[in-house]
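Here's the structure we're looking at; comments come further down.
Any read-out appearing in this document is the output of simple, stated calculations on the displayed coordinates, not a laboratory observation. Predicted model, so just to flag it, every value in this text is computed and none were measured. Every residue, glycine as well, gets a Cβ built from its backbone with ideal geometry; the counts of neighbours run over all protein chains shown.
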Amino acid sequence: MITGKPFLTVEQIQRRVKELAAQISEDYEGKELLAVGILKGAFMFLSDMAKLIQVPMNVDFLVASSYIKTHTTGEVVIHADIREDVKNKHVILFEDIVDTGLTLQYLKEVVLSKKPASVKICTFLNKKAHRQVHMDLDYVGFDIPDEFVVGYGLDYDNRFRNLPYIAIFKEDSVDNIKG
Ligand code: 5GP
C-alpha cells in the first residue's frame, strides 16, 4: 500500500521520460551509447529511460554516496566503479538529482579520466537553490524548488525509493508516506 501526496505524478514523470528518451535517441542517432546509472538513486529513472531509448546502448552502474539522511557530507565516496571499458565510448551519466553539484562534478572528472569519446549528464531532477559549482546539465527532467524529495529512486534514510512518484519529504511526514 502506497500513500502520500505526489509532487510529481506517475503520469507527469512518464510523459517527461518519454520526451527525454526521444531527445537522446535523436541526439545519438548513428552512435552507440554507454548509459551509466549512478546508484542507488538513478535505478528507476534509468530503467524507464532505457526502455525508450532507440539507439544501441550498453548499461553500467556506479555506486556513489554523499548524503546521510537529508544532509550532504560534502565528500563523495565511490563504493563501486564502472566496470565497462569507457575509453572512446559516448557516455551519459544518469543521476537522480543535482543539488550542490559536487557529486556530479567529482564523478564527471572520474569518467573523463577514463578517456571517453564524450560525456553528458542526464538528471531526473535539478534543484538549483544550493548549487555550489557550475555544472552543464545536458538533459533535465524537472527543475524543482528547494525541498527534500523522495520517491522514484530517491530515499530518506534508504526508505521510499520504491514510490512510483515524487513526494516532498518533511520529518513529520515519515509515517504518512509509506513506500
Ligand atoms: P549534490 O552533490 O548535487 O549536492 O547531491 C547529489 C545527491 O544528493 C543526489 O544523488 C542524492 O542522492 C542526494 N540528494 C540531493 N537532494 C536530494 C533530495 O531532495 N532528496 C533525496 N532523496 N536525495 C537528495
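A few points about this structure:
- Restricting the stretch 105-123 to residues that are free of Cβ contacts under 8 Å to residues at least 60 places away in the same chain and part of a helix (DSSP H, G or I) leaves a set whose member that is farthest from A64 (Cα to Cα) is L112.
- Pairing each residue of the stretch 134-158 that is closer than 16 Å to S66 by Cα with any residue that is surrounded by fewer than 15 Cβ atoms within 10 Å (Cβ to Cβ), provided the two are 6+ apart or on different chains, yields C-beta distances under 6 Å for F148/T70; D157/K69.
- M135 falls short on exactly one of the conditions (1) in contact with a Gly (Cβ under 9 Å, 6 or more places away or on another chain); (2) more than 9 Å from the ligand (Cβ to nearest atom); (3) outside any strand (DSSP E or B); (4) not small (G, A, S), and that condition is (2).
- Sole exception among (1) surrounded by 14 or more Cβ atoms within 10 Å (Cβ to Cβ); (2) within 11 Å of the ligand (Cβ to nearest atom) for K108, by number: (2)
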